[in-house]
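Working notes, beginning with the structure itself.
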Protein chains: 2
Amino acid sequence: MSRRKTGNNQYLKQRNQTVILDLIRVYKQKSKTELAELTGLSPTAVGVITSCLLKDGYIHEAGTGDSKGGRRPILLALKPHSYYAIGVDVDVMYAKILLVDITGNIIEEKTQSVPKNATAKLTIAQIEQGILQMLAQKNIRIQKVLGIGISIPGLVNHKNRQVVLAPNLGWHNVDVYAHMKQFSDIPIYIENEAMASAICENWVGLCQGVEHFICINIQSGIGAGIFVNGNIYRGVGGSAGEVGHIVVDETGPRCGCGNYGCLETLASTYHMVQEAKKRVRQGIVSCLNDVEALACISIETIVDAARAGDQAAYHILKEAARYLGIALSNMINTLNPSKIVIGKEFVKYADLVLEDVYNIVQAKTLHFPTSNVEIIASKIGDKASALGAAIIPLKVLFGR
Amino acid sequence: MSRRKTGNNQYLKQRNQTVILDLIRVYKQKSKTELAELTGLSPTAVGVITSCLLKDGYIHEAGTGDSKGGRRPILLALKPHSYYAIGVDVDVMYAKILLVDITGNIIEEKTQSVPKNATAKLTIAQIEQGILQMLAQKNIRIQKVLGIGISIPGLVNHKNRQVVLAPNLGWHNVDVYAHMKQFSDIPIYIENEAMASAICENWVGLCQGVEHFICINIQSGIGAGIFVNGNIYRGVGGSAGEVGHIVVDETGPRCGCGNYGCLETLASTYHMVQEAKKRVRQGIVSCLNDVEALACISIETIVDAARAGDQAAYHILKEAARYLGIALSNMINTLNPSKIVIGKEFVKYADLVLEDVYNIVQAKTLHFPTSNVEIIASKIGDKASALGAAIIPLKVLFGR
C-alpha cells in the first residue's frame, strides 16, 4: 500500500512538473506565485518543482515582473538552447533536417541529399549522418536531444514506428527505429507528412487552439492532416486524410492509385508541371516558351511566368485551384471544420489563386458550413512537416 | 471545506450509481459481488447503491447465478417497463413517435400525421398530443418518462435545443423546447436525424462498440452521422455529415442547395422516383408502365418492379448505387472508418445493390482504407432516427 502510494506520488509530481513547464511555455513568462494561482498547487510545491526545472536547465530566470506590494517577483521562462528536438522530413531525393530548441525556435536546418533508389536502410543511415554532423557543428551533446521526429510521405503506424507503405520512397513495412542504430538511446517518433504539418500548424502556425481544422498539403502529391476535437484524427488504420484521392472528375486522368480523376491528378504540382510541358510542346504562345529545356520547368517556373503575365501559366494554376475548391467543398460539407490551411508548394502561388479556391467553395458548398470556415494559406511553407516532426518530442515533454 | 467534501461525495455517489447501472445494462445480469469486482468498490458501497436502484425501480432481481461455494448469488438486471424514453422523428407530412423502456425495447410506436405546411408550433402541438395519447393508452405516468428526444431533418443546435434550419420542414431558428408546453418538466433533447440514426446504430444496431463509423441515410435527402473516437462528430457548427451535398458529377442536375451534381440529386429516393416517372412518360417498356397513375410511383414501386425482373427499374437503383459508391469512396479516403452503415429507405433495396456499391468503392478507393472498412445495410430501417432520439435520454441515464 505504501509502495503504491509512493508510486502515485511520483506520478503526481511528474504530472505537476509537466503542467508547470507547459504553463511557462504557454504564458512565456510566469512568477512562482502566478504558477501557484494557476495550478492550485501550494507555493511550497511550486517552489520544489521550479527548483528541479531550474536545476535540470529546462527553465531560467528571465527577469522580474511588476511588484504587487512586496519584492518584484522573478519571472521564469523556458531556457533557449537548453534542450533540443530534431525533425526530419523524408522525401524522394532528399531529407530535410531541422534542429529546434525547447522553445520551438529553429536553430539549424539542412537538406541532406539521398541517392536515387536508395534502400530504406541507406536513406536512414544518411539521415543519421546528417543529424550527427549537425549536432557536432552546433556542439550539442546527444543527451540534450529530447527526441527525433520523422515525417514520411506515406502510411505509418506511429505506435510501432513502422512505415506501412510509402509508395514514392518504395518503402514497405520499414521498421525505422530498428535502422536508427546511432540513436537507440533517444525517443524516435514517426508520423505521416500531412499529419506532421497539421501538428506544426496547431503548435506554432495558424491553427493554435483550433479544435477542428484540416491542413492540406499541395506538392507532387496531395494529402491532409485532420484535427478533430483538438487532436490529430487518424481513422481506424491511420490512413485518414488521403484527400489526394478524392474523385473530382470521374472522366479525369488516371492516377497512380489506379483510379481516374483523383484530386492529385488535377491539382498537384506534378500535374501542373506536366500540363506546362504539354503546352510548351504544343507551342502555345507563352513566356513558358522561354524555358529552353523542358526538363527545367517546375512549379516555380510556372508561378514566375504567371506573375509575368503569362495567361497560359496562370490558367494552369487556376484550373488546379478549381479542382482543389471542389475537393475542399466535399471536405467542408462532410467535416464542418473552422479552418482549412493550405500548405507546402501552394504557399508559392497562394496569392494568385486563393480567391478562386474560395469562390469555388462558396459556389459548391452549403451556406452554413461555408460561413463558418476560414480558408487560408500556411505561412510556414515547405518546412512544415520537418518542423511538425520536431514538435512531436516537444509535445511529449509538455504533456500535450 | 466540509461542505465542499460533502458535495464531492454526493457527486461520487451519483457517479458510482451511474457506473453500476450501466454495467448492469451492458452485462444484462450481474451479482453484487461481480459488480464490486468490476468497479473496485467495496461490497458495502455496492450494496448501498444497488439498494437505492432497486428501491427506485431501475433494476430488479432477475434470478440466481451459479454458486461459487456458498449461496447462489442473486442476479440484478434492468427492470423492463420501469422507466421510459420517447423518441420523435419529425418529417414533412408525419412524425414517428416511439416509446421505449429503460432496456431500449420498443414498447409502442405510432405515426402522427401533420398537416401540410403546418407551422412549427402546430407541428409540435400535434406531436405533444400524440405523445400524451400514447402515454395514456399505456397507462404511463409522466414521472416515469426520462426524457424526449426529437430528431429533425436539418441543422440543430443540440445545446440550446434550437432548430437552426430544416429546409424541408420550413423551420428556421425554432426553439423546440419553448413550444413543448406540455412537457416543461422533463428533459427535451434535439438532434439531427442522421446523427440520431448513428446514435441508434451505436447503441442497439450494427455499430455497438465501434469507434470510427459513418451512418448514411438514404431517403428523399441524404445525410450522414459520423462517429469519431466513439462519439458523434458535429464539427464546429454542428453541420458535419452533410454528405448529400458531396459533388459526385459536376455536370449533374441542379440541387436544392444551388449546386450541381450533389449526391442527393443522383442517389436519393426522390431522384429515383423522378427518374422512374420520366421513363414511364418516355414509354420505355417496363413493368413500371403497369403503374397507371404516375403519382403512385414510389421507391417501393421501383424496388418491386426491379425484383419482378424490370431492367429499367433495376438500372435506376444501380445507377443511384454507383453514385453512392463514389461518395463513399471520398468519405473512406478522407476518414478511414471501420464501418459504414447505410440505412433508412436503402434497407428496402440493399440486397439488390450493395454489391454494386462495394464494387465501386473497391475500384475508386485506396486499397488500404478499403481493406479496413465494412460496408453494410442497417437492420433497423426507417425507425432508426426515432429510436436514436429515444436513446438520447437513456444515454444520459447511463452516463454515456
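The values are calculated or read from the model by the stated rules, or taken from the named source; none is laboratory data. Every value quoted in this text rests on a predicted model; they were computed, and no experiment measured them. So basically every Cβ, Gly included, is an ideal-geometry build from the backbone, and we count neighbours across all protein chains shown. With ligands, DNA and RNA removed, areas are computed over all heavy atoms of the protein, side chains included. Shrake-Rupley method; radii C 1.70, N 1.55, O 1.52, S 1.80 Å.
Of all residues in segment B:188-221, exactly one satisfies the criterion of being of a type in the set (D, E, K, R), open to solvent by 10 Å² or more (accessible area, probe 1.4 Å) and more than 12 Å from every other protein chain (Cβ to nearest Cβ), namely B:Glu193. For segment B:296-316, the criterion of being of a type in the set (D, E, K, R), within 30 Å of A:His245 (Cα to Cα) and out of contact with any strand residue (DSSP E or B) (no Cβ under 9 Å at 6 or more places or on another chain) is met by no residue.
When segment B:104-122 is filtered for residues that are in contact (Cβ under 8 Å) with a residue 40 or more places away in the chain, open to solvent by 50 Å² or more (accessible area, probe 1.4 Å) and not in a helix (DSSP H, G or I), the ones remaining, listed by number, are B:Ile106, B:Glu109, B:Asn117.
Does A:Glu355 meet the test of being open to solvent by 40 Å² or more (accessible area, probe 1.4 Å), modelled with pLDDT of 95 or more and within 14 Å of chain B (Cβ to nearest Cβ)? Here the answer is no, as A:Glu355 does not meet what is asked.
Checked against the criterion of being over 28 Å from the mean Cα position of the chain (by Cα) and among the basic types (Lys, Arg), the candidates B:Arg25, B:Arg72, B:Arg15 yield just one match: B:Arg72. Only residues that are without any contact (Cβ under 8 Å) to a residue 60 or more places away in the chain, surrounded by fewer than 19 Cβ atoms within 10 Å (Cβ to Cβ) and under 20 Å from B:Glu211 (Cβ atoms) were counted across segment B:374-400, and they come to 1. Per this entry, A:Ala295 is counted among residues that are aliphatic (A, V, I, L, M) and either open to solvent by 20 Å² or more (accessible area, probe 1.4 Å) or at pLDDT below 90 (or both). Taking the residues in segment A:149-170 that are free of Cβ contacts under 8 Å to residues at least 40 places away in the same chain and open to solvent by 60 Å² or more (accessible area, probe 1.4 Å) as candidates, determine which candidate is farthest from A:Val100 (Cα to Cα). The extreme case among them is A:Leu165.
For segment A:173-216, filtered to residues that are of a type in the set (A, V, I, L, M), more than 12 Å from A:Ile150 (Cβ to Cβ) and at pLDDT below 95, the residue that is farthest from the chain's Cα centre (by Cα) is A:Ala178.
Can B:Ala62 be described as under 18 Å from B:Cys200 (Cβ atoms) and surrounded by 15 or more Cβ atoms within 10 Å (Cβ to Cβ)? Considered against the rule, which asks whether it is under 18 Å from B:Cys200 (Cβ atoms) and surrounded by 15 or more Cβ atoms within 10 Å (Cβ to Cβ), B:Ala62 comes out as no. Collect the residues in segment A:322-352 that are among the hydrophobic types (A, V, I, L, M, F, W, C), under 25 Å from A:His212 (Cα atoms) and more than 22 Å from the chain's Cα centre (by Cα), keeping them in residue-number order. The one that is among the hydrophobic types (A, V, I, L, M, F, W, C), under 25 Å from A:His212 (Cα atoms) and more than 22 Å from the chain's Cα centre (by Cα): A:Ile326. Scanning segment B:66-83 for residues that are touching a helix residue (DSSP H, G or I) at 6+ places or on another chain (Cβ under 8 Å), under 14 Å from B:Ile24 (Cα atoms) and either modelled with pLDDT of 95 or more or assigned to a loop (DSSP other than H, G, I, E, B) (or both) yields B:Leu76, B:Ala77, B:Leu78. State all residues of segment B:8-48 that are without any contact (Cβ under 8 Å) to a residue 12 or more places away in the chain and open to solvent by less than 80 Å² (accessible area, probe 1.4 Å); if no residue qualifies, say none. Listed by number, the residues that qualify are B:Val26, B:Ala36, B:Gly40, B:Ser42, B:Val48. Taking segment B:171-290 as the region of interest, the strands (runs of 3 or more DSSP E) fully inside it that hold 3 or more residues being touching a residue at least 24 places away in the same chain (Cβ under 8 Å) are B:188-192, B:213-218, B:222-228. The set of residues in segment A:222-241 that are open to solvent by 30 Å² or more (accessible area, probe 1.4 Å), in contact with a strand residue (DSSP E or B) (Cβ under 9 Å, 6 or more places away or on another chain) and either more than 8 Å from chain B (Cβ to nearest Cβ) or of a type in the set (Gly, Ala, Ser) (or both) contains only A:Ile232.
Going through segment B:250-271 one residue at a time, which ones are of a type in the set (D, E, K, R), at pLDDT 90 or above and either under 15 Å from the mean Cα position of the chain (by Cα) or surrounded by fewer than 24 Cβ atoms within 10 Å (Cβ to Cβ) (or both)? The answer is B:Arg254, and nothing else. Inspection of segment A:84-97 identifies no residue that is touching a residue at least 60 places away in the same chain (Cβ under 8 Å), of a type in the set (Phe, Trp, Tyr) and part of a loop (DSSP other than H, G, I, E, B). Evaluate segment B:334-344: report whether one residue or more is open to solvent by 20 Å² or more (accessible area, probe 1.4 Å), part of a strand (DSSP E or B), out of contact with any Lys or Arg (no Cβ under 9 Å at 6 or more places or on another chain) and not hydrophobic (A, V, I, L, M, F, W, C). Yes: segment B:334-344 contains one or more residues that are open to solvent by 20 Å² or more (accessible area, probe 1.4 Å), part of a strand (DSSP E or B), out of contact with any Lys or Arg (no Cβ under 9 Å at 6 or more places or on another chain) and not hydrophobic (A, V, I, L, M, F, W, C). Taking (1) open to solvent by 30 Å² or more (accessible area, probe 1.4 Å); (2) away from chain A (no Cβ under 14 Å) in turn, B:Ala312 satisfies each apart from (1). Could you check how many residues of segment A:358-373 are open to solvent by 40 Å² or more (accessible area, probe 1.4 Å), out of contact with any Ser or Thr (no Cβ under 7 Å at 6 or more places or on another chain) and either within 14 Å of chain B (Cβ to nearest Cβ) or not in a helix (DSSP H, G or I) (or both)? Of the residues in that region, 4 qualify.
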